[in-house]
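No value in this document is a laboratory result; all are computed from the given coordinates. Everything quoted here is computed from the prediction, not taken from an experiment. As a convention, Cβ positions derive from the backbone with ideal geometry for all residues, glycine included, and neighbour counts pool all protein chains shown.
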Amino acid sequence: MKKLIAMAAVAVALGACTPHEERVGGGAVLGAATGAVIGGLATGRAGGALAGAAIGGASGAIIGSATSPYRRGGYYYDDGYYGGCPYGYYRDRWGQLYCR
């Protein structure tokens, strides 16, 4: 049973398509696991573990989404996703982002 849960967690975390989805999925899995452990230890009941898993999963997904790479218009600017720009990016005075 433990192996099945571990394989499911890895599949959920790595089964996403984009780096943003991978970060959200991984955060949700890690948050749910941590929440289940803390909830189970704090209450000593299965209901506490389930509540902790739900709260931790939602919190982990939110934190994972907030820490994902910056994206605008299909491009990830911090890691050169979709080729990127060889000489970097710059912003004009109106805040538009351009490739050099």
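May I ask you to derive the FRET efficiency for I38 and I63 from their Cβ-Cβ distance with R0 = 22 Å, giving the value to the nearest 0.05?
0.90
Going highest first, how would you order 89-100, 37-48, 52-63 by mean Cβ packing within 10 Å?
Ranking the peptides 89-100, 37-48, 52-63 by packing returns 52-63, 37-48, 89-100.
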